[in-house]
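**Student:** The structure is given below, and queries will be raised subsequently.
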Amino acid sequence: MWTRRAFAILAAACFAGGALAADIRAKAEVSCRATAESLQYDCTIKLTNARTNAPLAGVTLMVGADMPSMPMAHNVRAVKAEAEAEPGTYRARLELEMTGVWALQLNIGGPLRDRVVKVMRFEDKHATPGSAPKGPSPHQKR
Ligand SMILES: [Cu+2]
């Protein structure tokens, strides 16, 4: 009895750890710059295979954004990133609703599926990698 059950668990584990594309994790490098339009940013996203560092070409990439300090307060529509000439490089224009710290959700689909979250601080003239603010932010009432 015990052996049979253990075997079933082992078999399930082997299946889950098989050579499925889901096994591959993506790594993302994001840089954004302000455009002439207020609250619009051009973002370049470089996707690589986290294990091999090979560029992730040929995936579909949707980029969404929300503010960690203001859950449910914003409703930024996810945009589809366009592939650049350089393999694994994608570009998306984000239209945000305010400056501050945003979490960008990179939803990767196609041959590889993964979701990477990148936190960035967006300001009027530039954007920098950021971390979620500790404690309540100025625009959050408690
Ligand atoms: Cu906000």
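**Student:** How much FRET efficiency would the formula 1/(1 + (r/R0)^6) give for ASN75 and ARG25, where r is the Cβ-Cβ distance and R0 is 30 Å, rounded to 0.05?
**Tutor:** On the way: r = 29 Å, r/R0 = 0.95.
After rounding to 0.05, the efficiency reads 0.55.
**Student:** Quick check on segment 25-129: what are the equivalent-ellipsoid semi-axes from the Cα gyration tensor, as sqrt(5λ), descending, whole Å?
**Tutor:** Working: eigenvalues 107, 42, 27 Å².
Calculated on Cα positions only, the semi-axes equal 23, 14, 12 Å.
Quick note: the coordinates plus some simple rules give every number you see, no bench work behind them. In this text, all values refer to a predicted model and were calculated from it rather than measured experimentally. With ideal geometry, Cβ positions are generated from the backbone for all residues, glycine too; neighbour counts draw on all protein chains shown.
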